[in-house]
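Working notes, beginning with the structure itself.
The values are calculated or read from the model by the stated rules, or taken from the named source; none is laboratory data. Treat the numbers as computed from the prediction; the structure is a model and nothing was measured. Neighbour counts are summed over all protein chains in view; Cβ atoms, including those assigned to glycine, are modelled from backbone coordinates with ideal geometry. All accessible areas refer to the heavy atoms of the entire protein, side chains included, with ligands and DNA or RNA removed. Shrake-Rupley method; radii C 1.70, N 1.55, O 1.52, S 1.80 Å.
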Amino acid sequence: MKNYILVSVGTLIILILSFVFVNKSEALAIDLQCTDIDIVFARGSGQKLQDGENERLRQQLQNRIQAGVTMNYYELGTETYGDAKYGAITIGEWWKNGNVVGASLSAGLANDYGDSVNSGITELKSYLKQRHTKCPDTRIVLGGYSQGAQVIGQSLSDLSTDIQSHVDFVALFGDPKLYLPEGEGVYPEACYGKNLSAWRRAIANCHVDNGSLGARKPFLPESMQGKTGLWCQAIDFVCGTSKLPYDTRGHGEYKSVGGAIDQAAIEIAERLKLVLPGPKAVGVDIEKHVSGIGTTGMDVVFLLNQTGWTPERFAQTKEFIQQLADKIKLRNGRIAIAGYDGGHNWTFHNFTIKLSDSYADFDYVLGRYEMYESTTDVKPTLRSIRNTLEHFEWQQGAMKSLVVLTDSEFYNPDSNGQLTVDMIARQALEIDPVNIYPVVPASLQSSFQPISDATSGHTIVSNGDINTMVDTAYQKIVQRPTALLKNVEYSAPSGQEITFDASNSYAVNGTIVKYEWDFDGDGIFEAVTSQPTINHAYNGQYRGIMQLRITSSSGTVTNASAKVKIELNYEDYVPAAPGDLTVTTQSTTGNVSTIKLDWTNEDENIQSWIVSANGIPLGNISSAQTTINIADVQRDADVELSVTGMLSDGSLGDAATTTVEEKIATPPTPESAHAKPVSHWRAFLFELFRWLTPRWTHIPWWSM
């Protein structure tokens, strides 16, 4: 009996020690079979496992990694490695959540946000070390979104040289620690296409230099600079395309069809195809570009004239819309429909729906459209097109199409003499742009051809053969090449040479055979090249649009546009700095304080204020407000607080700055001076042994 008790206790202790010190999950990376490729991804703040950007990348890579090539996909936070498990802690709302302010005041390295980042770094390094020890020939790909991009980026310099040499690509999306030195200055080099960082991919704003949590400098180890890709969407405060903390709409668009995740998957496949052994390389598909979707998907709006039809023709036209819409749905495109009639008081009917992927709504609305008799000779087609262009919320970066369906002529200029085809073409360019596809009878083809040509669209002849019409429209809209410029905006002083680079453009059906360049957006192409880059200098002031049109060998065309801002003087107007900036400590608990800032407005042109800590924006407030409290200010080091005025166009002024000095920490008590933290498992074992000790003293030693 005594022996039984002793063995049982000993067994219990061994089991507990095995659980604590040889954690099952710690051995997972070793237990897994070796694969040709290891993919590791870190999700964004507040995201669940197996969701969002992570799931999109996994699916895209699975589609490209064919039979014969093995792949292991691991998401940080799934298991525990190095006694750490990435939590991807949620950030919450600005000014309301201490985690956010705390993170910002310490460049993302303090409080529970910093703890979350550090746990991810520890887990990643431990996981990679274990896997690489077991599988030294496996190729590695790393990816991270938002907080996860910070985790991946900050881990790279701590990886061994051997592991770094096995990493073939690093994909970073919406990194709050982004750094692009070419984006610094009044006229940054990025704005005229020069000296772009090797890791720069699709960056929506040429003025982007730092992320919302400040730049990581150096951003990457030298060995990783040529094999890292960085994406930063438009309207994304997190990575710095907006300075307004609430401008985060673009932060959720990285996983859009054809977007940043899909682009990264193509590049990852291309890299892997180069490094895998010959027989394995055959199993990597690099050809699956998706046509007609730009960088964020496909937007298609149908504009239906409800007058001037015979009943048979109207029914055929609705059937054409339904069939083409069904094909667009299969490509996950966003679709919408609007109608117009021939009355003087043109308006959208109540049936109009916004661009949406709610396909059931689209089908319902289409079914409700009826044919009307025209009561006037007014031909409001141009006006209807203009209103359609203005009415819908087109997605930035998406390939945009406006399909106009009518059996009636239109005037150019319109019946009121206020609109022309050139004006419509200019408006379409300014919306990133929109290609127009009239669907009209053969008798009207020559009448509508100018508007389709001016917008890089195509006029489709409506001949009653619905299947042929749908196939033609589908080919021209969906199978067109994708035109991509490196920048969506350029700015430079007069006379400065700008490099326009369209080398990211591609054609799935055929090859690109021609690049046409319209430097002032007037529809006249000043240059034609067979290469995707061109240099051009603007002489004199210019604020407007430039466009690129590309043609593929299959005969399909499309275009891209970018804003251009050329100034005569090198420096723009700079708003004055706020005056009399003072700081008052409201309260302090331990090493954390609530701080009050007060200042005066010295420039009536200022529209809002940006409040920053250590150069990192914390929030944006109205120019009418000149005082604010900042909670959760860490006092373990000096904190530099600043207030900067911003104009309505986003231009920033000079900053007023003050420093909150470090608060001297309370010295530790003698009893705690040498205390060391004890993990909860070690504390548990200590208590267990203390509980067992008196019981062991009553067990005769000879019974052991």
- [ ] Those residues that are in contact (Cβ under 8 Å) with a residue 60 or more places away in the chain, in a loop (DSSP other than H, G, I, E, B) and under 23 Å from Asp247 (Cα atoms), I need them from region 188-206; list them, please.
- [x] Ala204, Asn205, Cys206
- [ ] Test Lys273 against the criterion of being open to solvent by 50 Å² or more (accessible area, probe 1.4 Å), in a loop (DSSP other than H, G, I, E, B) and at pLDDT 90 or above, and give yes or no.
- [x] no
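Is it fair to say Leu402 is modelled with pLDDT of 95 or more and of a type outside the set (Ser, Thr, Tyr)?
Working: modelled with pLDDT of 95 or more: yes; of a type outside the set (Ser, Thr, Tyr): yes.
When the stated conditions are applied, Leu402 passes them.
Can you give me the number of residues within region 254-270 that are modelled with pLDDT under 90 and of a type outside the set (Val, Ile, Thr)? Talk me through it step by step, then tell me what you get.
Kept after step one, since they are modelled with pLDDT under 90, are these residues of region 254-270: 256-259.
Now drop any that are not of a type outside the set (Val, Ile, Thr), which leaves 256, 258-259.
Of the residues in that region, 3 qualify.
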- [ ] Enumerate the pairs (first residue in region 254-271 and more than 13 Å from Gly229 (Cβ to Cβ) and of a type in the set (A, V, I, L, M, F, W, C); second residue anywhere and open to solvent by 10 Å² or more (accessible area, probe 1.4 Å) and not in a loop (DSSP other than H, G, I, E, B)) with beta-carbon separation below 6 Å, excluding pairs fewer than 6 apart on the same chain, so at least 6 apart or on different chains.
- [x] none
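Assess whether Gly619 counts as being in contact (Cβ under 8 Å) with a residue 40 or more places away in the chain, surrounded by fewer than 18 Cβ atoms within 10 Å (Cβ to Cβ) and in contact with a strand residue (DSSP E or B) (Cβ under 8 Å, 6 or more places away or on another chain).
Considered against the rule, which asks whether it is in contact (Cβ under 8 Å) with a residue 40 or more places away in the chain, surrounded by fewer than 18 Cβ atoms within 10 Å (Cβ to Cβ) and in contact with a strand residue (DSSP E or B) (Cβ under 8 Å, 6 or more places away or on another chain), Gly619 comes out as no.
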TODO: State which residue is nearest to Thr455 (Cα to Cα) when the search covers only region 478-503 and only residues that are in contact with a helix residue (DSSP H, G or I) (Cβ under 8 Å, 6 or more places away or on another chain) and not charged (D, E, K, R).
DONE: Val478
Task: One residue from Ser503, Ser462, Ser494, Ser452 being polar (S, T, N, Q), buried (at least 19 other Cβ atoms within 10 Å of the Cβ) and either modelled with pLDDT under 95 or over 30 Å from Glu312 (Cα atoms) (or both) - done: Ser462
Task: Pair list, Cβ < 6 Å and 6+ apart or interchain, from region 137-163 residues that are closer than 16 Å to Gly114 by Cα and assigned to a helix (DSSP H, G or I) to residues that are open to solvent by 10 Å² or more (accessible area, probe 1.4 Å) and polar (S, T, N, Q) - done: Gln147/Ser45
Open item on the list: Anything in region 27-71 that is under 20 Å from Arg271 (Cα atoms) and free of Cβ contacts under 8 Å to residues at least 40 places away in the same chain? List them, or say none.
Closed with: Arg58, Gln59, Gln62, Thr70, Met71
Task: Per-region count, region 221-247, residues surrounded by fewer than 19 Cβ atoms within 10 Å (Cβ to Cβ) and more than 21 Å from Ser197 (Cβ to Cβ) - done: 4
